[in-house]
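Q: Pasting in a structure now, in structure tokens, and then I'll have a few things to ask.
Values in this text are rule-based calculations from the coordinates and carry no lab data. Values in this document were obtained by computation on a predicted structure and should not be read as measured data. Cβ placement follows ideal geometry from the backbone for every residue including glycine, while neighbour counts extend to all protein chains displayed.
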Amino acid sequence: MKDYEGDKIRNLALVSHGGAGKTTLTESILFTSGTIQRQGRVADGSTVSDSTPEEIKRKISLTLSLAHVEWGGAKVNLIDTPGYFDFFGEVTAALAVADAALIAVNAQTGVEAGTERIWTPSPAEASRDRVRHDDGQGGRPISRSRSRACA
Ligand SMILES: Nc1nc2c(ncn2[C@@H]2O[C@H](COP(=O)(O)OP(=O)(O)OP(=O)(O)O)[C@@H](O)[C@H]2O)c(=O)[nH]1
Ligand SMILES: [Mg+2]
């Protein structure tokens, strides 16, 4: 595989409510960029992202999956995440390494609960952000917010 300098690598997480179209969009990006020659469909179990037997059977994403395209001289890593709450840990993991998030929204149903959950920080997350700004050392307030998160 070609080597890319760090400034030519982008990590893009696709996130949103279940069924909004993340896997379909990932497949379209792969096809449009010429990375794959045939555009698969979730309903047929033929997408790059939903490739495990369980995902093919259920027709939903269960774990995050990685794919990449080359675009404008950069390597764009696509991280397709599951939208169902049960697998929210996969979204957290993807966002931890992503440079940017692409939020797919179903044009017919609009912003749904799962998308709001990703968009809105939990009280513990918000609290931790604030104390980081207030206190350059961070240690004591952060451990306090950790206690709140675990309470
Ligand atoms: N008509 C139409 N159907 C779409 C579109 N995008 C996705 N779908 C269909 O909607 C269903 C769900 O699409 P997915 O791509 O699996 O959605 P997802 O966000 O990856 O779903 P999860 O992985 O379960 O969160 C599939 O049957 C798709 O074929 C679209 O733009 N238009
Ligand atoms: Mg999916």
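Q: Can you give the FRET efficiency to the nearest 0.05 for Gln37 and Thr109, using r as the Cβ-Cβ distance and R₀ = 25 Å?
A: 0.20
Q: Students often forget the sequence filter, so: which lysines lie under 29 Å Cα-Cα from Lys59 once same-chain residues fewer than 8 apart are removed?
A: Lys22, Lys75
Q: Would you list Ile29, Ile56 from fewest to most Cβ contacts within 10 Å?
A: Ile56, Ile29
Q: Using label points projected 7 Å from each Cα along Cα→Cβ, tell me how many nm separate Glu5 and Asp99, to one decimal.
A: In this crude label model, Glu5 to Asp99 measures out at 1.3 nm.
Q: Would you mind classifying region 6-120 by shape? Square roots of the alpha carbon gyration tensor eigenvalues, ordered a ≥ b ≥ c; an a/c under 1.5 is rounded, otherwise it is prolate if a/b is larger than b/c and oblate if not.
A: Verdict is oblate for region 6-120.
Q: A further question follows. Taking the Cβ of Leu78 as the centre, find all other residues whose Cβ is under 13 Å away and add up their charges (Lys, Arg: +1; Asp, Glu: -1).
A: Within the 13 Å Cβ shell, the charges total -1.
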